[in-house]
Structures are given as structure tokens and as C-alpha cells.
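Working notes, structure below.
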Amino acid sequence: MKKALFIDRDGTIIVEPQTDFQIDSLEDLEFLPGVISNLRKIAEECDYELVMVTNQDGMGTASFPEENFWPAHNKMMLTLENEGVKFAKVHIDKSFDHENLPTRKPGIGMLTEYFDGSYDLANSYVIGDRKTDIQLAKNMGAKSIYIGDPDDKATFCTKSWDAIYRFLRMPARIGEVFRKTSETEIHIRVNLDGSGKCEIYTGLPFFDHMLEQLGRHGGTDLLIEVKGDLHIDEHHTIEDTALALGEAYLKALGDKKGIYRYGFLLPMDDVLAQVALDFGGRPWIVWDADFKREKIGDMPTEMFFHFFKSFSDTAKCNLNIKAEGTNEHHKIEAIFKGLARAIKMGVAKDGSALNQLPSTKGIL
């Protein structure tokens, strides 16, 4: 399916006059800083169809004759096209606000053709400088980029077209999994481009502490909520969390274009943990770590290997894990931290190959 950017005109592409809010002469035509260069990069590097959507109050009436509108508009469009920015369609509503016509933003009357199933609206964006643009996105089931002060109803807020380009070029990689069985109920949300913020509750405090290492040291935002049959034992909680977590990472990676793919390492006091990882699309694990204690905290040491094996299975990654040292707590913590750093390296974007798969096979 196609994705689209539904872009407002006045105040978004060109500066909106603060007197009559009408751009009705060539003298009034002024582009926002950075809009042309960034729209060009978006058109060249991203897979969005560009669609202009604008309200032009009373266009065609005595107060706003059409012959005053078109010269500046056509000059704007020609300037953009000469720079490689071509709009697939331009939708103009000419009504006044008080008429409440369904074609006027945030109404979707002008845009019904985009609901025929050929557009991926959930991954399309409305870009505009008014709250009505945020509402239009909501009405369309799309996301929104608001050019203005922070607004929690918008997907992304900024006053910079440089930031809009960066956001669209490398959108947040998020994976979310809901898993429910007769033994566990799990909700996991992973943001690979986060800041290490963690909200984790599995019912096993030591397990929570280990999972937090993945977020904190991997630069990943983690939400992990688990209700498991701990009245039986810890097995299902740990195993199913690993399976759901691996699946969430796999979803967040998306098409894997531009990632470094590989990552490894970590020393911690008396311990050296080596964690090599490959997000190559095939599950495999090599494990060389022994533990002398039956439990560390409330987590059975026999479940350590099982956790990483389950994660590898659903994340579809290779894991090669080795740990040596004398302190059992440090060993497993170093392994989790090592995995976090390996993941951080593996999911990082290679700026020189953002559209390329890191594989000679052409598929991961």
C-alpha cells in the first residue's frame, strides 16, 4: 500500500500573512526556512506520496477573487517542482469556516479517494500548523506532524523542517506485542530509538532488574507488564516474557534497512561476558556460562539459558554468549548488560547505507 504526506500550505510550506491570512499576490509569497531543501530530500529519499490539502476561505468570492490566488500559488508550485518536489494532487476547499462543509479541514470530504484500501493511512502523516491539521489526521486514522509548540495530541511537534525530515527519514522503531495464554498475560512495547526509560513488572524483582539492563544500557524504552502463574513456579513467566520480548524487537526492527546488524561485549568487575549478536533473520544460540547457585534473587539459574534461547527464537537472531568469573550475580548481570550493548550496536543506523540491507543475500 502507498503512504502519503497530506501537507497543509499556508503556515506550513509558505509563510501566512498575519493581516488577512490570504496570499493573494506574488509579493506575499515567502517560503518557510528549510522547507524546499527538506521537501526535496523527503521526495528523493522517502516513499511517501505528496498531497497538498489546504483551506482557502472564500476563494472565488468578491473578498478573495480566484485571479488573485493562482499567480502566487502557481509560482509556488513551479518553484517546488523545479527543485524535484512534485505533488500528486492538490486539494483546495474554498468554503468559509461558518459553513461547516464536510470538505473543509478537519473534515475528510475532499479526501475520500484515499480510503479505497490502496493507502496505508495508519503510517501516513498530516503535516500542518493548526490544531485542525492534528484533528484531520485523527479523522483519517493517520499520524500528525504539528508545526508549533508541543501538543500531546500530535505524533510529532516541531518548528523546524530539518527536524521533520529527520523524523520522516528515520521514524521511531517501535514494536508492541500482546500475548495471552492460559499461563501468562503479557504486554510489551519496545522503542529502539528511546532514551532507556523502563517500566517493568513481571512479579519477579530480580528478573525485572535484569530486564531493566536491556533498556538502560541499550538506549531502548521498555514497557513490560506480565501476569504469570507464579503460584506454580517461575518457568512460564520467564519463558513467555522472552518469547514476547524477542517478537517485539523483531517488529521494531521492521525491514532492517540501514542497521549495522552485529554487536558484542562487556566486562564487569571479576566477570568478562562476551555477547555476540546477529540480527540476520535466523535463530541460533551458543551458550557457555555455568552457575553454581540454584537461584539468584527469585530467578532460577536454570532459566537463564532458556530465556536467551527463547529470545533468540522469536527475535530471529544469532546469540553467542560466554561468561566467566566468580560472582554469580555479576555473571548474569554482565550477560544482560552485554546483550543490551550488543543490541544497541546491532540496531544502530548506518548513515552511509540507510536504504540498504546489511546482507549480500538481499534479504534478512
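The values are calculated or read from the model by the stated rules, or taken from the named source; none is laboratory data. All figures in this text were calculated on a predicted structure; none of them were measured in a lab. Heads up, the Cβs are rebuilt from the backbone with ideal geometry, glycines too, and the neighbour counts pull from every protein chain shown. The accessibility values were calculated without ligands, DNA or RNA, using every heavy atom of the protein model including side chains. Shrake-Rupley method; radii C 1.70, N 1.55, O 1.52, S 1.80 Å.
Key figures
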{"read-out": "Within the range 166-200, tally of residues that are polar (S, T, N, Q) and surrounded by fewer than 17 Cβ atoms within 10 Å (Cβ to Cβ)", "value": "3"}
{"read-out": "Some residue of the range 201-216 being of a type in the set (Phe, Trp, Tyr), within 26 Å of Lys143 (Cβ to Cβ) and in a strand (DSSP E or B)", "value": "no"}
{"read-out": "The range 254-284 - residue that is modelled with pLDDT of 90 or more and farther than 20 Å from Ser312 by Cβ and, of those, surrounded by the most Cβ atoms within 10 Å (Cβ to Cβ)", "value": "Val271"}
{"read-out": "Odd one out for Ala163, checked against (1) under 17 Å from the mean Cα position of the chain (by Cα); (2) free of Cβ contacts under 8 Å to residues at least 12 places away in the same chain; (3) open to solvent by 70 Å² or more (accessible area, probe 1.4 Å); (4) more than 30 Å from Val226 (Cα to Cα)", "value": "(3)"}
{"read-out": "The range 324-358, subset open to solvent by 10 Å² or more (accessible area, probe 1.4 Å), of a type outside the set (D, E, K, R) and more than 29 Å from the chain's Cα centre (by Cα), residue farthest from Leu253 (Cα to Cα)", "value": "Thr326"}
{"read-out": "Filter result (open to solvent by 40 Å² or more (accessible area, probe 1.4 Å), among the β-branched types (Val, Ile, Thr) and modelled with pLDDT of 95 or more) within the range 18-63", "value": "Ile36"}
{"read-out": "Qualifying residue in the range 288-295 (condition: buried (at least 17 other Cβ atoms within 10 Å of the Cβ), hydrophobic (A, V, I, L, M, F, W, C) and not in a loop (DSSP other than H, G, I, E, B))", "value": "no"}
{"read-out": "Condition check for Lys227: free of Cβ contacts under 8 Å to residues at least 60 places away in the same chain and open to solvent by 10 Å² or more (accessible area, probe 1.4 Å)", "value": "yes"}
{"read-out": "Qualifying residue in the range 64-75 (condition: in contact with a helix residue (DSSP H, G or I) (Cβ under 8 Å, 6 or more places away or on another chain), open to solvent by 50 Å² or more (accessible area, probe 1.4 Å) and among the charged types (D, E, K, R))", "value": "yes"}
{"read-out": "Residue pairs meeting the criteria (Cβ under 8 Å; at least 6 apart or on separate chains; first assigned to a loop (DSSP other than H, G, I, E, B), in the range 170-193; second among the acidic types (Asp, Glu))", "value": "Met170/Asp193; Ala172/Asp193; Arg173/Asp193; Thr181/Asp240; Glu183/Asp229; Glu183/Asp240"}
{"read-out": "Those residues of the range 58-72 which are touching a Leu at 6+ places or on another chain (Cβ under 9 Å) and either within 18 Å of Asp8 (Cβ to Cβ) or of a type in the set (D, E, K, R) (or both), in sequence order", "value": "Ala72"}
{"read-out": "Thr301 vs. criteria more than 19 Å from Leu250 (Cα to Cα), among the polar types (S, T, N, Q), more than 29 Å from the chain's Cα centre (by Cα) and surrounded by fewer than 17 Cβ atoms within 10 Å (Cβ to Cβ)", "value": "no"}
{"read-out": "All positions within the range 84-123 that are open to solvent by 70 Å² or more (accessible area, probe 1.4 Å) and not in a helix (DSSP H, G or I)", "value": "Lys86, Lys89, Lys94, Asn100, Leu101, Pro102, Asp116"}
